[in-house]
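The values are calculated or read from the model by the stated rules, or taken from the named source; none is laboratory data. Keep in mind that what you see is a predicted model, and the values were worked out from it rather than measured. Positions of Cβ are backbone-derived with ideal geometry, glycine not excepted, and every protein chain shown enters the neighbour counts. The protein model used for the area step is the full one, side chains on, heavy atoms only, and it has no ligands, DNA or RNA in it. Shrake-Rupley method; radii C 1.70, N 1.55, O 1.52, S 1.80 Å.
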Amino acid sequence: MENRRSFLKKTAMAAAAVAGTPLLESCGKQEAPSHDSLIVPRGAGLPITGTFLDEISHDIPHQNWGEKEWDRDFRYMKAIGIDTVIEIRTGYRKFLTYPSPYLLKKGCYMPSMDLVDLFCRLAEKYDMKFMLGLYDSGHFWDTRDMSQDVEDNRFVIDEVWERYGQRYKSFGGWYLSGEISRANRSAIDSFRAMGRQCKEVSGGLPTFISPFIDGSKAVDSASGALTKEEAVSVEVHEREWNEIFDGIHDYVDAVAFQDGHIDYNDLDIFFSVNKKLADKYGMKCWTNAETFDRDMPIKFLPIKFDKLRMKLEAARRCGYDKAITFEFSHFMSPQSAYLQAGHLYNRYRDYFEI
């Protein structure tokens, strides 16, 4: 007769299989299917090699993971070739990912875990680069003015460099977390100021931004609408981002445009403009390949694989330097709260023959 421990173990394994959630041991190469079910060329897209880590958000639910779950997720990331993880922000309004003495004095809430320390440790364990996103006060979203973020991050940048940057070899750069889409003098000046300080304090470690294109799907996440009539033209987008890049390129090394706000028919023309401008100013051109779907009335669910494939293929056609995603843990991880995410992970592995 089986003892209680072995019975429970078998029951848990069976439940995981039914739920479609791979066990940890499945991080290795999967067995090949009995026949080739893909009718498109495999691996024609730009592989995803970076991901945001979203634990401070206003429109994505928290998964309430601890160190065990995060460690498992880093293993899943590593298994498909991810080499860079980016904490999307050290804090948003009053919620923080690390116990910042400066921000706590300003009335922010004490976090229950030091996630910056955890992510640095896990990045080191799995031989990844960790990039830290700056603090977002929310002031920009209310006023379209980043000056408050510049002031707060004067202290935050120094704090995190002293606490983590000098301690962990995995600390490899900075994400300037303000998200813009159109010409904005405040944003240009602010990116310059924050980028300069990041580089000065860290000895020149790279910085990047991840703006969005003001396309037909650039609607407020709280809105019930999926599209809008007033979308930026390619010509206006090129003119405005030429002005922005001209103002920030000395202190911003890479740009990763979010790819979900334009129609799939427009991917190549906008991507080509982005690459041309980045090359002009000596910046790396990445794509932020969103792994959530903007085409559905439910916000937000894991994206259909073919939509992701088409975006990654456009990025490769246009000569992009790197693909990162928002965001693996919610929308692509086998242990995500969304069952579809694990299936997307499997389809991605089939496509890239991982």
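Considered as a group, the residues in region 243-266 that are aliphatic (A, V, I, L, M) and part of a helix (DSSP H, G or I) include one that is farthest from N184 (Cα to Cα), and that residue is I248. Here is the figure for region 331-354: residues that are assigned to a loop (DSSP other than H, G, I, E, B) and surrounded by fewer than 17 Cβ atoms within 10 Å (Cβ to Cβ) total 3. The set of residues in region 194-211 that are of a type in the set (D, E, K, R) and open to solvent by 40 Å² or more (accessible area, probe 1.4 Å) comprises R196, E200.
Return the only residue of K228, K217 being out of contact with any helix residue (DSSP H, G or I) (no Cβ under 6 Å at 6 or more places or on another chain), in contact (Cβ under 8 Å) with a residue 24 or more places away in the chain, more than 21 Å from M131 (Cβ to Cβ) and of a type outside the set (A, V, I, L, M). Selected residue: K217, the only one of K228, K217 that is out of contact with any helix residue (DSSP H, G or I) (no Cβ under 6 Å at 6 or more places or on another chain), in contact (Cβ under 8 Å) with a residue 24 or more places away in the chain, more than 21 Å from M131 (Cβ to Cβ) and of a type outside the set (A, V, I, L, M). Of the residues examined, F171 is one that is more than 19 Å from S57 (Cβ to Cβ) and open to solvent by less than 30 Å² (accessible area, probe 1.4 Å). When the residues of region 270-291 are filtered to those that are aromatic (F, W, Y) and in contact (Cβ under 8 Å) with a residue 40 or more places away in the chain, the one that is most open to solvent (accessible area, probe 1.4 Å) is W286.
I'd like to know if region 295-303 contains one or more residues that are more than 21 Å from S181 (Cβ to Cβ) and crowded, with 19+ Cβ neighbours inside 10 Å. Yes, region 295-303 has at least one match. The test for being acidic (D, E) and part of a loop (DSSP other than H, G, I, E, B) does not hold for D117. Restricting attention to region 173-212, the residues that are closer than 17 Å to H237 by Cα and touching a helix residue (DSSP H, G or I) at 6+ places or on another chain (Cβ under 6 Å) add up to 4.
Can you pull out every residue in region 102-117 that is surrounded by fewer than 20 Cβ atoms within 10 Å (Cβ to Cβ) and either over 16 Å from E151 (Cα atoms) or touching a helix residue (DSSP H, G or I) at 6+ places or on another chain (Cβ under 7 Å) (or both)? Matches in region 102-117: Y102, Y109, M110, P111, S112, M113, D114, D117. In region 330-354, what residues are in contact with a Phe, Trp or Tyr (Cβ under 8 Å, 6 or more places away or on another chain) and among the small types (G, A, S)? Scanning region 330-354 gives S333, A341. May I ask you to list the residues in region 176-211 that are among the polar types (S, T, N, Q), under 19 Å from W161 (Cβ atoms) and part of a loop (DSSP other than H, G, I, E, B)? If the condition is that a residue be among the polar types (S, T, N, Q), under 19 Å from W161 (Cβ atoms) and part of a loop (DSSP other than H, G, I, E, B), then S177 is the only one that fits. Inspect all residues belonging to region 195-216 and state whether any of them is polar (S, T, N, Q) and touching a Ser or Thr at 6+ places or on another chain (Cβ under 7 Å). Checked against the condition, which is being polar (S, T, N, Q) and touching a Ser or Thr at 6+ places or on another chain (Cβ under 7 Å), region 195-216 yields at least one hit.
Tally time: how many residues in region 256-288 are farther than 14 Å from R317 by Cβ and in contact with a helix residue (DSSP H, G or I) (Cβ under 6 Å, 6 or more places away or on another chain)? Matching residues across region 256-288 total 4. Taking the criterion of being open to solvent by less than 40 Å² (accessible area, probe 1.4 Å) and in contact with a Pro (Cβ under 9 Å, 6 or more places away or on another chain), the only residue of region 212-242 that qualifies is W241.
Hey, does region 249-269 have a residue that's more than 21 Å from M77 (Cα to Cα), touching a residue at least 40 places away in the same chain (Cβ under 8 Å), open to solvent by 10 Å² or more (accessible area, probe 1.4 Å) and aromatic (F, W, Y)? Yes, region 249-269 contains a residue that is more than 21 Å from M77 (Cα to Cα), touching a residue at least 40 places away in the same chain (Cβ under 8 Å), open to solvent by 10 Å² or more (accessible area, probe 1.4 Å) and aromatic (F, W, Y).
Among the residues making up region 136-188, those that are without any contact (Cβ under 8 Å) to a residue 60 or more places away in the chain and basic (K, R) are R144, R154, R167, K169, R182, R185. Sort through R42, R89 and tell me the only one that's among the basic types (K, R), at pLDDT 95 or above and crowded, with 17+ Cβ neighbours inside 10 Å. The conditions single out R89. Residue-level check: of (1) within 24 Å of I188 (Cα to Cα); (2) over 23 Å from the mean Cα position of the chain (by Cα); (3) in contact (Cβ under 8 Å) with a residue 60 or more places away in the chain, R239 misses just (3).
Condition check ((1) farther than 16 Å from L267 by Cβ; (2) of a type in the set (G, A, S); (3) modelled with pLDDT of 95 or more) across all residues:
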{"position": "T291", "(1), (2), (3)": "no, no, yes"}
{"position": "I298", "(1), (2), (3)": "yes, no, no"}
{"position": "D306", "(1), (2), (3)": "no, no, yes"}
{"position": "D321", "(1), (2), (3)": "yes, no, yes"}
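Of the residues making up region 189-212, those that are at pLDDT 95 or above and either under 12 Å from A256 (Cα atoms) or among the hydrophobic types (A, V, I, L, M, F, W, C) (or both) number 11.
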